[in-house]
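Only the coordinates and a few stated rules stand behind these numbers; no lab work does. Just so it is clear, the structure is predicted and the values come from calculations on it, not from any experiment. Note that each Cβ is placed from the backbone with ideal geometry, even for glycine, and that neighbours are counted across all protein chains shown.
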Amino acid sequence: MNINELKSSPDKENWRLTPGYLSQGCSDFESVHILLGRFLADRHSENPLQEKSLLSENGSFDWGQSQPLEKVINSQEDFEFLMKHPRLFRNAIAIVEPWDHVGYNPLGEHVRASLNVAYIAQTIADCDSILFPLWSSGLLDPEAIIPVISSGLAVVLEGGEPSVRDASTFAGGKSSLAELHLFVEKLLLS
């Protein structure tokens with residue numbers, strides 16, 4: 001299978017095969033760290049954020065809709081595609097969602113913290129994000145996933161609305177509390 005066949009895959013046709021959205025394929029470990037350092041050191045700019053909007057292709061700024069939030073691992077097939085492109089996961093942050101939201105805002109809307117993390121990382125340092133929504137995909141093989149996400153720039157493990165003290169609050173998700181505990185334990189030990 002060549003790269004053109006991979007790009008034309010129906011689920012992956014929007015995936016950028018080189019990291020970086022604002023700089024279009026020019027993002028890597030060093031550039032992310034340089035941009036992050038510049039942002040942290042900037043004390044005088046009126047607006048130290050990038051000028052280019054992250055909403056031009058994905059107006060709703062939602063996972064899986066379009067760039068820059070196209071990389072969502074919903075299945076073993078998605079994960080295998082990601083593994084064929086190590087540059088993608090080595091130059092990105094992995095965001096692990098145990099639940100579809102972390103709570104509600106004052107308007108009563110679900111808050112999906114992964115969107116905030118991805119927005120900040122992309123805006124400040126042109127750092128791509130890869131989402132692992134364990135609540136909807138189920139727990140893929142931790143022995144395979146953890147080495148991949150651990151080799152990236154960072155792993156963000158979110159919380160969620162369910163209580164870690166009550167397994168029944170995870171009903172309706174595709175990963176149980178016990179599976180999530182196992183995943184987190186293996187991730188910490190890695």
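Structure data summary
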quantity	calculated
Alpha-carbon centroid distance for the pair the range 118-150 / the range 42-97, whole angstrom	9
Other-chain or far-sequence residues with amide H under 5 Å of Trp63's (modelled H)	none
Estimated Rh, the chain: Kirkwood, alpha-carbon pairs, angstrom	17.5
Size of electric dipole in the range 80-161: Cβ of Lys, Arg +1 and of Asp, Glu -1, about Cα centre, debye, nearest 20	300
Unit charges at the beta carbon, dipole of the chain: most positive-side option, Val72, Ser31, Gly20	Ser31
Spin-label model distance (nm) - Glu57 vs Met83, 7 Å beyond Cα toward Cβ	2.6
Cα-centre dipole for the range 125-190 with unit charges at Cβ (Lys and Arg positive, Asp and Glu negative), debye to 20	160
Ordering of 155-161, 167-173, 132-138, 184-190 by packing [mean C-beta count within 10 Å, highest first]	132-138, 155-161, 167-173, 184-190
Computed Rg/Rh of the range 109-190, alpha carbon atoms with Kirkwood Rh	0.97
Length gained when the stretch Glu46-Lys174 is fully extended (0.36 nm per residue, less Cα-Cα span)	41.6 nm
DSSP beta bridges in the range 85-190 [antiparallel fraction, %, rounded to 5]	15
Cα→Cβ-extended label distance, 7 Å offset, between Asn105 and Ile34, nm	3.4
Peptides ranked, highest mean first, by Cβ atoms within 10 Å: ranges 94-102, 56-64	94-102, 56-64
Net dipole in debye of the chain [+1 Lys, Arg Cβ; -1 Asp, Glu Cβ; about Cα centre; nearest 20]	340
Lysine pairs in the chain with Cα atoms under 18 Å, if 8 or more residues apart or on separate chains	5
